[in-house]
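Undergrad: Mind having a look at this structure? Questions to follow.
The values are calculated or read from the model by the stated rules, or taken from the named source; none is laboratory data. These numbers were taken from a predicted model, which means no experiment stands behind them. Cβ atoms come from the backbone with ideal geometry, glycine included; neighbour counts cover every protein chain shown.
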């Protein structure tokens with residue numbers, strides 16, 4: 001099991017393929033396994049790295065309540081240092097998209113590109129509807145403490161139109177570290193990165209499914225905050241788009257990597 005000791009904790013990671021490094025960060029409560037389809041696609045042309053962040057999967061415990069994202073992004077930075085990697089393209093979905101933003105703000109020199117999927121840069125409400133959502137997600141954070149058998153029917157129904165996503169989310173549900181997931185839910189409920197994002201200088205792609213209009217607006221706010229960032233809205237898709245519309249997602253990411261010159265013209269034997 002590939003585990004590295006960093007910052008007084010253990011971080012699980014996997015590497016597949018060779019070439020320019022491409023790092024994927026998983027969604028809330030899930031693990032590196034949610035990127036299995038993308039590992040299959042991009043390990044042919046890239047050095048693909050997936051991790052379990054502190055508090056998820058096989059990685060160490062998420063202790064305390066303060067500066068959780070800063071500590072998690074410092075773990076990735078330390079891992080990259082141990083692997084001898086100077087720059088990466090970083091892709092995160094949902095919670096992983098918040099992680100990716102925090103990473104590029106903390107360590108801008110290490111990011112050759114940024115891909116944020118089905119996520120948000122601020123939870124500061126601008127409308128009554130957004131205020132209601134913020135209140136709802138805060139009151140609902142303990143929802144993640146419920147047993148998997150109680151949550152599974154909700155997930156199965158919500159993701160019935162997207163069988164691949166349904167499969168991975170149900171698998172992840174029963175492996176979820178619930179208390180730490182709740183802590184991370186609270187942490188991302190109170191972010192306001194939008195003003196800082198003007199400092200981001202790397203090429204940036206936003207991807208969002210069209211199923212939830214408010215999430216589309218959140219992603220518009222994110223991409224508008226970064227000079228030159230581009231937003232792709234995927235029809236008939238929901239969070240996580242990498243599983244709801246795998247083929248379309250992979251095509252968009254592949255095109256972005258080529259556009260920014262982050263694709264080596266070879267095929268890996270991995």
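Undergrad: Does residue 217 meet the test of being assigned to a helix (DSSP H, G or I), closer than 22 Å to residue 196 by Cα and without any contact (Cβ under 8 Å) to a residue 24 or more places away in the chain?
TA: So residue 217 fits the description; yes.
Undergrad: Being free of Cβ contacts under 8 Å to residues at least 60 places away in the same chain and within 27 Å of residue 166 (Cβ to Cβ), is that true of even one residue in segment 190-198?
TA: Step one: of segment 190-198, the residues free of Cβ contacts under 8 Å to residues at least 60 places away in the same chain are 195, 198.
Next, from what is left, pick out any that are within 27 Å of residue 166 (Cβ to Cβ): none.
Scanning segment 190-198, I find no residue that is free of Cβ contacts under 8 Å to residues at least 60 places away in the same chain and within 27 Å of residue 166 (Cβ to Cβ), so the answer is no.
Undergrad: Something else about it: Anything in segment 161-180 that is closer than 14 Å to residue 241 by Cα and not in a helix (DSSP H, G or I)? List them, or say none.
TA: Matches in segment 161-180: 161, 162.
Undergrad: Do the conditions hold for residue 254, that is, is it in contact with a strand residue (DSSP E or B) (Cβ under 9 Å, 6 or more places away or on another chain) and within 20 Å of residue 100 (Cα to Cα)?
TA: no
Undergrad: Identify all residues within segment 198-214 that are part of a helix (DSSP H, G or I), out of contact with any helix residue (DSSP H, G or I) (no Cβ under 7 Å at 6 or more places or on another chain) and within 27 Å of residue 29 (Cα to Cα); write none if there are none.
TA: Residue satisfying the conditions is 213 alone.
Undergrad: Being exposed (fewer than 11 other Cβ atoms within 10 Å of the Cβ) and either at pLDDT below 90 or closer than 22 Å to residue 99 by Cα (or both) is the filter here, so list the residues in segment 146-165 that pass it.
TA: Matches in segment 146-165: 147, 149, 150.
Undergrad: Does residue 254 qualify as being over 18 Å from residue 166 (Cα atoms), crowded, with 20+ Cβ neighbours inside 10 Å, in contact with a helix residue (DSSP H, G or I) (Cβ under 8 Å, 6 or more places away or on another chain) and at pLDDT 95 or above? It would help to see each step written out before you state the result.
TA: Working: over 18 Å from residue 166 (Cα atoms): yes; crowded, with 20+ Cβ neighbours inside 10 Å: no; in contact with a helix residue (DSSP H, G or I) (Cβ under 8 Å, 6 or more places away or on another chain): yes; at pLDDT 95 or above: yes.
When the stated conditions are applied, residue 254 does not pass them.
Undergrad: For residue 217, only one of the following conditions fails: (1) surrounded by 15 or more Cβ atoms within 10 Å (Cβ to Cβ); (2) modelled with pLDDT of 95 or more. What is its number?
TA: Of everything listed in (1) surrounded by 15 or more Cβ atoms within 10 Å (Cβ to Cβ); (2) modelled with pLDDT of 95 or more, residue 217 misses just condition (2).
Undergrad: Which residue out of 83, 114 is in contact with a strand residue (DSSP E or B) (Cβ under 7 Å, 6 or more places away or on another chain) and at pLDDT 95 or above? Don't jump to the end; show me each part of the working.
TA: Numbers: 83 fails: in contact with a strand residue (DSSP E or B) (Cβ under 7 Å, 6 or more places away or on another chain).
Checking each option against the conditions leaves just 114.
Undergrad: Then there is this: Of all residues in segment 1-12 being touching a residue at least 60 places away in the same chain (Cβ under 8 Å) and surrounded by fewer than 23 Cβ atoms within 10 Å (Cβ to Cβ), which is farthest from residue 71 (Cα to Cα)?
TA: Only one residue fits best here, namely 4.
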